[in-house]
Each structure stands twice: as C-alpha cells, then as structure tokens.
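Structure first, commentary second.
FYI, it's all coordinate maths here, none of it is from the lab. Everything numeric in this text was worked out from a predicted model, so none of it was measured. FYI the Cβ positions are ideal-geometry reconstructions off the backbone, even for glycines, and counts take in every protein chain you see.
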Amino acid sequence: MEKLKTLFKAKADQLSAEIKDIIKEHGAKKIGEVNLSQIYQGMRGITGMVYETSLLDAQEGIRFRGYTIPELQQKLPKAIGGTEPLPEGLFWLMMTGEIPSDADAKTLSQDWSERAKKMPTHVYKALDSLPLETHPMTQFVIGVMALQNDSIFAKKYSEGVNKKDYWSFIYEDSMNLIARIPAVAAYVYRRKYKGGTEVTAIDSLDWAGNFAHLLGFDQDGFKELMRLYMTIHADHEGGNVSAHTTHLVGSALSDPYLAFAAGMNGLAGPLHGLANQEVIKWIFEMQKSLGTETPNGEQIAAYVQKTLTDGKVVPGYGHAVLRKTDPRFTAQQEFAKKHMPDDKVVNTVWKIFETVPPILQSLGKIKNPWPNVDAHSGALLIHYGMKDYEYYTVLFGVSRALGVLASLCWCRALNFPIERPKSVTTENVKAWLKGEDQVWE
Ligand code: CMX
C-alpha cells in the first residue's frame, strides 16, 4: 500500500512545516483559561491537545476531516451492491484528509487482507489459556498484547533507529494491527459463544464484511451494519478516554500495540464503551421487571425513575461534550428504519428515546439528556441474532482502532513530544487560595 504511505508522509511533512511556523509566530498566544473547578472535574472543556483525524462539535456532533456522518455515507466508497460506507475509506480520509477512490479503498482492503494472513499462532494459544468466562474485552486486550511480539517499531527502536523514521514503523505496526484485530476479535467471540469453531477469512471481502463473516454472521444486512458500525465508532476527537489513552501512552514511544491495548482498557469502562452492553442489559432487565417485551412510555418512565432512585445512570444517555442527540445514534436509527422498522427491541429503543430526555432534563443537573451512540447499537445486533451483549464493546474496540491508530501515526509523523501535564495537590490549592503558593504562576 505504497500510495497511502507516500501520500500520508507528504501530507505530514507539509503540516509539520506549517505547525513549526504556527508555533514560531503564535506560540505565546493564549487559547483559554482554566478554572479551579475544571481541574477537579475531569478537565472538561480544557483544550489541551492537537488531534488531527476528527473534531467534535457539542451541538452538531462529530466530523471526520470536516465531513459529517451523512456526508461520509454519501461520499465514501461502498461495497458492491452496498449503500453503507467502507471503513477503509474512512481510514484513508483520516490519514490523508482526502476522500479515496473506489480503487484506493479496494487496494487497502486487499493490503489488510494480506497482512492478516501473517497472524502469529501464539495469539490463539494465549487466548485459549484464559478461562472462558473471562470478559470478552479482557480477552480482546490480551489478544492485542499477544500480537505486540511482532511490533516492528519496538524492534527497530531497540536496534537504534533515527527518530525521523519512527513514523514509518508506527505506520507499519498500525496497518498490521488493524489488519489482524478482526480475526483476534472474532476468535474471542467464537471461542466464548460458539464452541470455538473457526471460520476462514474470505479474501475478496472488505475489512468489515469479512469481520462479519469471521464472527459467523453472513447475512448481507449484518455485513452492511458492520460497515456502518465500524465507520461511525472509529473516532470521536482526541479527549475521550480511549483516544486520549492511546495518544498518551503512544507519546512515551510505546508501540501501537501497547498504546492501543491501553486505550481499549479505557473503552472497557461502563461510562465509556462498555455502555453499549449496559444499555441492552438494562433493556432486558426492564422487560423482565415489567413483564413485557413492548413496554409503553409510562412503564419506561417508571423504570427510569427506579434506575435513578437506585443511584444508577441511565446507560446510553448523556455525554461529556455533546449537547444534542448524537448523530451516530441518528445514523443507526435511520439504518433500523430502513432494515427493521418493526423490530420489537428497536421499537423499545425508540420509545426510550421519546421518554428519557424529559425525565433527565427535569433533574436539572444532567448537562446532556440526549442519547449517545451506545443507546442504539445493541438493538441492531440483537436483530441479526448477536445476543451476547458482553461482547458488544469488542465491536466498538475493533472500530476504534481505525481512528486512534490513524491519529497515532499522525502524532509520530509530526514528532509530538511525550505528554506530561502538570498536577497539583489540594494542599497546593489551599495554599494558593491563601496567596501562599504561587505554584502555577
Ligand atoms: N443517567 C443518570 N445520571 C446521569 C446521566 C445518565 N445518563 N448522565 C449524567 N448523569 C449525572 C452524572 O452522573 C452527574 O451526577 P453527579 O453530579 O451526582 O455526579 C451529573 O448528571 C452531571 O453529569 P454531566 O456533567 O451531565 O455528565 P458527565 O460529563 O460527568 O458524564 C457521561 C458524561 C457520559 C459519563 C454520563 O452522561 C453518563 O454516565 N452516561 C451514562 C453512561 C453512558 O452512556 N456512557 C457512554 C458515553 C458515550 C461513550 O463514551 O461511548
């Protein structure tokens, strides 16, 4: 895939020169102020890093290199006979800022398919040694860590490579990792839920279509869902836990396997990626508790109140940055309207969407009462027969590799330094408030 690598390097060299000029001329300009509350409250709203591949607007949602999700659905290459975007196209876009041609996306599919063939067999042995009940995200991360043995960057670094060439090895590792993780993820799924029966890759399929096949779901609808799913979950600018962790760990020159595995441990948290399993679990528990598969608005409202009274969050609702319905939710809703408008779980998701926001709004403290990406995804998977909801975050993780690894390539190509923000203690804060400590001046 020399074309992508060459184009990426040319774009990175150009941007690198521009950044040098920007810092030289404007480096002293202030871009914001930090309040004391922000350092206690998750650093919300502090602009603290540059992340090239996507940008989140609180009102509008995510844009990948300037394109909204509906624009991606329209402009990115599709599989033959398909209408959803190919994740290969999104990866190309994030790496270069350009929409690829159909031929470029196809060549990238083939490149990943070739790289996937070089899977080290010890990865499967490592997974086989784990108890079956190990959570799929834990298994997935262990599979990724087992792949790390093949890191080209780690090998070259230990041999003593010029720092100008780091980007090239980070690129190769990222491409190998993206190529191989569908097989690792599918192995986790089939081992845990399908008695370990293996499925052979189909080389002629695209990356997401082949992943659907490896999982054992060969319906055209599921393949299309995976193309959409892998595209919309890929990136959400740099501050979210999985992207920021990958970025942070990568800044220590930890290789892409180490950095991505770290990010995946963050994705496995219930306030982040694990929310997709929590949503469907919550819906099933609600159905059981209410004794109906099709609860009405009043019944849902009562169950939401119970959830809140029990001191729990309503999963799939709220966001640290977004202040409107997540366009990733809307894209999935549109997919459902087209492919499964009468599905019972899908209709329950829509009823929850009608019911929950006013309740959360009425509490007065929740900054965003609207659904996020995780509120819808499980219902689509259930429709196609993937009911094993503990697995859902792995799907999110496979997709997230595209964004965070594209971004990691950019960080090394732009030679970003090790990340090291300042922290203080509350003792410092108290002294500073009394005018005794000038630690931040
Ligand atoms: N249900 C109940 N309470 C909620 C809530 C929800 N869905 N969302 C926020 N709140 C609460 C917070 O827990 C917080 O309560 P306290 O003041 O008692 O601690 C208060 O409302 C204010 O929170 P906020 O500023 O609106 O939200 P944050 O930026 O702190 O947190 C998020 C954002 C996503 C963690 C939160 O909305 C949440 O827990 N949602 C449910 C879990 C979820 O869906 N996560 C997935 C997010 C998308 C992703 O990363 O994949």
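Quick look at the numbers
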{"quantity": "Segment 1-58: GluC sites (Glu not before Pro) falling in loop per DSSP and having at most 15 other Cβ within 10 Å", "calculated": "33"}
{"quantity": "Surrounding net charge for residue 78, when Lys and Arg each add one and Asp and Glu each subtract one, Cβ distance under 15 Å", "calculated": "-3"}
{"quantity": "Sparse-neighbour loop sites [trypsin sites (Lys or Arg not before Pro); segment 347-380; at most 13 other C-beta within 10 Å; DSSP]", "calculated": "365, 367"}
{"quantity": "Computed lengthening from residue 298 to residue 420, 0.36 nm per intervening residue step minus Cα-Cα distance", "calculated": "39.0 nm"}
{"quantity": "Estimated dipole of segment 76-195 in Debye, rounded to 20 [Cβ of Lys and Arg +1, of Asp and Glu -1, Cα centre]", "calculated": "460 debye"}
{"quantity": "Calculated P(r) tail over 15 Å for segment 269-319, as whole % of Cα pairs", "calculated": "46 percent"}
{"quantity": "Calculated SAXS-style log₁₀ I(q)/I(0) at q = 0.07, 0.11, 0.12 Å⁻¹ - the chain, Debye, Cα scatterers", "calculated": "-0.36, -0.89, -1.05"}
{"quantity": "Local net charge near residue 139, Cβ-Cβ under 11 Å (Lys/Arg +1, Asp/Glu -1)", "calculated": "-1"}
{"quantity": "For segment 352-441: relative contact order, % (alpha-carbon pairs under 8 angstrom, 6 or more apart)", "calculated": "12 percent"}
{"quantity": "Label point at residue 361 placed 7 Å out along Cα→Cβ; residues across segment 309-323 whose backbone nitrogen lies under 15 Å", "calculated": "318, 323"}
{"quantity": "Trypsin sites (Lys or Arg not before Pro) within segment 104-162: DSSP coil, no more than 12 neighbouring Cβ in 10 Å", "calculated": "117, 118"}
{"quantity": "Label point distance in nm, residue 429-residue 347, each placed 7 Å from Cα along Cα→Cβ", "calculated": "5.0 nm"}
{"quantity": "Calculated FRET value between residue 161 and residue 388, using beta carbons and R₀ = 45 Å, to 0.05", "calculated": "0.60"}
{"quantity": "Mean separation of Cα contacts under 8 Å (6+ apart) over length of segment 234-295, as relative contact order %", "calculated": "22 percent"}
{"quantity": "Length gained when the stretch residue 134-residue 198 is fully extended (0.36 nm per residue, less Cα-Cα span)", "calculated": "21.1 nm"}
{"quantity": "Simple label model, 7 Å out from Cα along Cβ direction - residue 288 to residue 103, nm", "calculated": "5.6 nm"}
{"quantity": "222 nm mean residue ellipticity, helices alone, for the chain (DSSP H n ≥ 4; -39,500 (n - 2.57); rounded to 500)", "calculated": "-19000 deg cm²/dmol"}
{"quantity": "Neighbourhood charge, 11 Å Cβ-Cβ cut-off, centred on residue 384 and excluding it, Lys, Arg +1 and Asp, Glu -1", "calculated": "-2"}
{"quantity": "Length-normalised contact order of segment 73-142 in % [C-alpha pairs under 8 Å, at least 6 apart]", "calculated": "19 percent"}
{"quantity": "Gap separating the Cα centres of segment 376-441 and segment 236-297, nearest whole Å", "calculated": "11 Å"}
